[in-house]
Amino acid sequence: MLATLALAGCSSASHNYPSLAIRDAERVSGTFAVTPGTGDQLGPAPASPNVLESLPEQLVLSQTAHDSFMGLSAEAERLVLAAQGTDTDSNAWAAAQIALAQLESQRSQSAIALATLDLHYADASLGFTAREEIDAVRSQVLSTLRQEDEVLARLRSAMPD
């Protein structure tokens, strides 16, 4: 009964509140003229000098790691060939697995340079700065990593199961 009285009191005073209908002042009218642009396009800012200075360092780091990888790959290939036709419990198979693990570890050293370059590239993208120099070095590092991946894939496929 008390709830009925409260609801009746709320509905009876509706004439005291303003209407929620759109008023004339709230209606959209008029247009804005668009001025033609000057034709100048906003371009990216130059890359940070710190980033540009670190690019040769990353390339040297990657190349040094790649040279070490290629030096280890000859021994790993010899051990994988020696392991062919053996069981997984043989010493030759274990030596080949260790050599492959060393190669993968050395590949990760090359990937460190790529990770740093990826960070520079992402920062340049978000900061709207030039990325061309970063991308060029990054492409070179990616190329060496692809070569290393090919060597690892070839040696893994030659390993006995």
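Odds and ends about this structure:
- Total residues in the range 102-142, condition of a type in the set (Gly, Ala, Ser), assigned to a helix (DSSP H, G or I), over 13 Å from the mean Cα position of the chain (by Cα) and exposed (fewer than 15 other Cβ atoms within 10 Å of the Cβ): 4
- Whenever a residue of the range 41-66 is more than 18 Å from residue 146 (Cβ to Cβ) and modelled with pLDDT under 95, its partners that are surrounded by 15 or more Cβ atoms within 10 Å (Cβ to Cβ) and among the hydrophobic types (A, V, I, L, M, F, W, C), lying with C-beta atoms within less than 6 angstrom and at least six residues away or across chains, give the pairs 44/130; 46/130; 47/130.
- Search result, residues across the range 75-98 that are under 32 Å from the mean Cα position of the chain (by Cα) and without any contact (Cβ under 8 Å) to a residue 40 or more places away in the chain: 98
The values are calculated or read from the model by the stated rules, or taken from the named source; none is laboratory data. Because the structure is predicted, anything quoted here is derived from the model rather than measured. Please note: Cβ atoms are built from the backbone with ideal geometry, for glycine as well, and neighbour counts cover all protein chains shown.
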